[in-house]
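Here's the structure, in structure tokens; my notes come after.
The values are calculated or read from the model by the stated rules, or taken from the named source; none is laboratory data. Please read all numbers here as calculations on a predicted model, not as lab measurements. With ideal geometry, Cβ positions are generated from the backbone for all residues, glycine too; neighbour counts draw on all protein chains shown.
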Amino acid sequence: MTKKRVVIAGMGFGGLRAAKALAGSDVELIMVDRNNYHLFQPLLYQVATAGLEQEAIAYPLRGLTRRWQGASFLLAEINGIDLAEKCILTDAGPVAYDYLVVAAGSRTNFFGMESVALHAFDLKRLDQAEDLRNHILLMFEQASREPDPQRRSALLTFVIVGGGPTGVEFAGALRELIVYVLSQDHPTISSAETRIVLVEAADSLLTAMPDDLRRYAQRKLSSMGVEVLLESRVVGATAESVELYGGDVIASHTLFWSAGVSAAELAGYLEGVERGASGRIVVQPDLSIKGYPEVFVVGDMACYLADGTPLPMMAPVASQQGDYAARIIRAREQGGTIPPFRYLDKGSMATIGRSSAVAAAAGFKFRGYIAWVAWLLLHLYYLIGFRNRLVVMMNWTYAYWFQERQVRLITAKKRRAVSL
Ligand SMILES: Cc1cc2nc3c(=O)[nH]c(=O)nc-3n(C[C@H](O)[C@H](O)[C@H](O)COP(=O)(O)OP(=O)(O)OC[C@H]3O[C@@H](n4cnc5c(N)ncnc54)[C@H](O)[C@@H]3O)c2cc1C
């Protein structure tokens, strides 16, 4: 009897977990991704702030598949899904499936603001992190030889939009890069003349965290020298300025956007399928698409309602859903079934800077050094690959003791990647 074929579309957190759980079982497994590596997105901001080299947060997918029997990898751009014919359409040709796990993640949402999309930096890909690092380092190079004080000030002003974990972590890491490294590299630039402005539309940072942790994060960032603007929104941008709702303009050559995501483009290729907020695909309690019990959607692309609210776009949700999709496929192949998907919320955390983080898990709250150590250990644990863990641990230890960022390399003087 021929084995059933399971195709996994997208090898991020959800796809990887589904593949791991299916590897070695009695199915043919085909993993498809536009990249030949799995990317650990939560550490992209450390690549952008010269804390980690990009190789340390990516893992080659063929390195996984060569160890798994019955599994193969296809490097391809998926540009369609034919639900009726049961095949995905790729630039390497169509791939038929018996079961499909769609795990293509999300993309940055600029809420239709074209000027912001054109000028802002965002972080979804490795090349974007490298672009942002190059840009930050170039701003210091240009500022150090800029005679005009106003231009110099704009070059040294960095605006970050979004007070969620990514915005907070990026703001803290950028401040430390400037204070400990760049202002030492550039004797003519004092860290006091640089500005980091963190803009958040809500009335607090880290809105998913308990009150006291939100206040701690804000106090900590302010004490580090980050200006926090709450209940404020960015509505436009040029290459040299950022416009706020109400008309205020901040002269700045750097706008970093972490204020929203929506489902990846692939969601748009699924015709006649119900979509929820941010274009996510509405899924059944078993994560399948209504009317297509052989197609599962997991991770950022899936809109799964838990008590009426969509689950957040976070790595643990994607991983648990990937695992569930694999288990239900295996159960069906054995003629059985399993109970509906349930998300086990293990909490959330964000690091703010050296020895400082916030974490809320299982009704407990931590902040400061303990939360920071927990953050470091958890991220090391979830990184893929022994070498990556080792390299990241060495980088963090070195940076902690010597306050150094070895990867402050300008590898291109022009920006390559603009998300539109
Ligand atoms: C900067 C940043 C920081 C974050 N920090 C945290 C954090 O601290 N904690 C947390 O829990 N979550 C964090 N997240 C969110 C987390 O990374 C996502 O929720 C998670 O990656 C979602 O997993 P996924 O499997 O749905 O998608 P992804 O991990 O994004 O994987 C999608 C995969 O699909 C592939 N793909 C997409 N479209 C196509 C196509 N058309 N053809 C071929 N391949 C395609 C992509 O290459 C990618 O490999 C962060 C995200 C970002 C961007």
Matching residues in region 131-158 - criterion: being among the charged types (D, E, K, R) and touching a helix residue (DSSP H, G or I) at 6+ places or on another chain (Cβ under 6 Å): R133, E146, R152
Selected residue (criterion: nearest to the chain's Cα centre (by Cα)) from residues of region 141-175 that are within 12 Å of the ligand (Cβ to nearest atom) and assigned to a helix (DSSP H, G or I): T166
Qualifying positions in region 240-276 - outside the structural domain of L132 (by TED's automatic domain parsing) and more than 15 Å from the ligand (Cβ to nearest atom): E271, G272, V273, E274, R275
Residue match in region 9-27 (condition: within 22 Å of G80 (Cβ to Cβ) and more than 8 Å from the ligand (Cβ to nearest atom)): yes
Failed item, numbered, when G70 is tested on (1) in contact (Cβ under 8 Å) with a residue 12 or more places away in the chain; (2) over 30 Å from R415 (Cβ atoms); (3) touching a strand residue (DSSP E or B) at 6+ places or on another chain (Cβ under 9 Å); (4) within 16 Å of the ligand (Cβ to nearest atom): (4)
Residue among G12, G63, G93 that alone is out of contact with any strand residue (DSSP E or B) (no Cβ under 8 Å at 6 or more places or on another chain) and at pLDDT 95 or above: G93
The lone exception for L138 - which of (1) near the ligand (Cβ under 10 Å from one of its atoms); (2) more than 15 Å from the chain's Cα centre (by Cα) it fails: (1)
Residue within region 198-207 that is surrounded by fewer than 24 Cβ atoms within 10 Å (Cβ to Cβ), outside any strand (DSSP E or B) and within 16 Å of the ligand (Cβ to nearest atom) present: yes
Scope region 28-47; condition within 9 Å of the ligand (Cβ to nearest atom) and either assigned to a strand (DSSP E or B) or within 17 Å of K86 (Cβ to Cβ) (or both); matching residues: V32, D33, Y37, H38, L39
Residue count, region 92-128 (criterion: under 30 Å from A21 (Cα atoms) and within 15 Å of the ligand (Cβ to nearest atom)): 19
Selected residue (only one of A374, A318, A357 is closer than 29 Å to I178 by Cα and part of a helix (DSSP H, G or I)): A374
Matching entry among R233, R215, R219 (being farther than 14 Å from M139 by Cβ, within 22 Å of the chain's Cα centre (by Cα) and of a type in the set (K, R)): R233
Where a residue in region 242-265 is under 24 Å from G299 (Cα atoms) and its partner, wherever it lies, is part of a loop (DSSP other than H, G, I, E, B) and of a type in the set (G, A, S), with Cβ under 6 Å and at least six apart: W257/A120; S258/G162; A259/G162; A264/A104; A264/G105
Conditions (1) part of a helix (DSSP H, G or I); (2) away from the ligand (no atom under 15 Å from the Cβ); (3) not hydroxyl-bearing (S, T, Y): number failed by A50: (1)
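Yes/no matrix, rows are residues, columns are (1) hydroxyl-bearing (S, T, Y); (2) surrounded by 14 or more Cβ atoms within 10 Å (Cβ to Cβ); (3) farther than 15 Å from L52 by Cα:
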{"position": "W372", "(1), (2), (3)": "no, yes, yes"}
{"position": "L390", "(1), (2), (3)": "no, no, no"}
{"position": "W396", "(1), (2), (3)": "no, yes, no"}
{"position": "R408", "(1), (2), (3)": "no, yes, no"}
{"position": "K413", "(1), (2), (3)": "no, no, yes"}
Residue selected from region 347-391 under the condition of a type in the set (S, T, N, Q) and under 13 Å from L43 (Cβ atoms), by the criterion nearest to the ligand (Cβ to nearest atom): T351
